[in-house]
1. Could you pull out every one of the helices (runs of 4 or more DSSP H) wholly within the range 6-85 that has 2 or more residues that are farther than 16 Å from ILE96 by Cβ, among the β-branched types (Val, Ile, Thr) and outside the structural domain of ALA101 (by TED's automatic domain parsing)?
2. Being of a type in the set (A, V, I, L, M) and out of contact with any Lys or Arg (no Cβ under 7 Å at 6 or more places or on another chain) is the filter here; which residues of the range 20-43 pass it?
3. Take the residues in the range 90-131 that are among the basic types (Lys, Arg) and modelled with pLDDT of 90 or more, then tell me which one is nearest to the chain's Cα centre (by Cα).
4. Which condition from (1) within 13 Å of ALA63 (Cβ to Cβ); (2) touching a strand residue (DSSP E or B) at 6+ places or on another chain (Cβ under 6 Å) is the one that ARG18 breaks?
5. With respect to ARG106, is the statement that it is of a type in the set (Lys, Arg), exposed (fewer than 13 other Cβ atoms within 10 Å of the Cβ), more than 11 Å from HIS31 (Cβ to Cβ) and out of contact with any Ser or Thr (no Cβ under 8 Å at 6 or more places or on another chain) true?
6. Looking for something buried (at least 17 other Cβ atoms within 10 Å of the Cβ) and assigned to a helix (DSSP H, G or I) - is there at least one such residue anywhere in the range 126-137?
7. Going through the range 9-19 one residue at a time, which ones are under 12 Å from LEU65 (Cα atoms) and either exposed (fewer than 13 other Cβ atoms within 10 Å of the Cβ) or among the acidic types (Asp, Glu) (or both)?
8. Let me confirm something: among ALA76, ALA59, which residue is of a type in the set (Gly, Ala, Ser) and surrounded by 18 or more Cβ atoms within 10 Å (Cβ to Cβ)?
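The values are calculated or read from the model by the stated rules, or taken from the named source; none is laboratory data. Everything numeric in this text was worked out from a predicted model, so none of it was measured. Here Cβ is always computed from backbone atoms with ideal geometry, including for glycine, and neighbour counts include all displayed protein chains.
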Amino acid sequence: MGTRRLFTEHGLRCTRQRVAIYDRLRASKSHPTAEELFEDVRHRCDGLSLATVYNTLEALCDAGLARKLSLNCGCARFDADLEPHLHLLNDDTGEIHDVPADLSERLLMQLPDEVLRDIEQRLGVRVDRVSLHLHARNGVNGHSAAPGANGRSATTSNGQSGLGSNGASLPASTDHAANGRLNLRQDGCTGRAAEPAAF
């Protein structure tokens, strides 16, 4: 679908600068920052400012045409690929990679329901989302091996470190569903029923 039609369907004002920013973001696989998009697009758009890029990215995210990635790696990055998938941050290079959808789903389906229920019961809360961040180091295809066979550190959404039960450091957000299964939404999150789960 063309960008102009997409903007119309999502209630976004269509300007030449917005179209150029969105088209560049949609074509990118590098999950660019606002500054990187500005550098990529400014030579094609006279008078483009960094503030316009930030405002456009905010409008795109609000309209559901992009998402902001906060991966504890400095600047926020953006993604226009809204198919369900996780992201992997390479701590050696700073690059962010898309995890294939089938592997993303397999990983999310392994989150133990009983642990989420225990957290809710012990803390008296309802878990709406679980933020997972995959961090990796080079270690495949001739690169240096990652340290530790089983003890890869897991980073929680508040930045605290610990060990994951399966040794994985897990980016996408997930919601624990009332039916006990994690159902991927289009934004890479999992859907939860509107009513609290009966445990």
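1. Once the helices (runs of 4 or more DSSP H) in the range 6-85 are filtered for at least 2 residues that are farther than 16 Å from ILE96 by Cβ, among the β-branched types (Val, Ile, Thr) and outside the structural domain of ALA101 (by TED's automatic domain parsing), what remains is 16-27, 50-62.
2. ILE21, LEU25, ALA27, ALA34, listed by residue number.
3. This residue is ARG126.
4. So the condition that ARG18 fails would be (2).
5. yes
6. no
7. Correct list: GLU9, GLY11.
8. It is ALA59.
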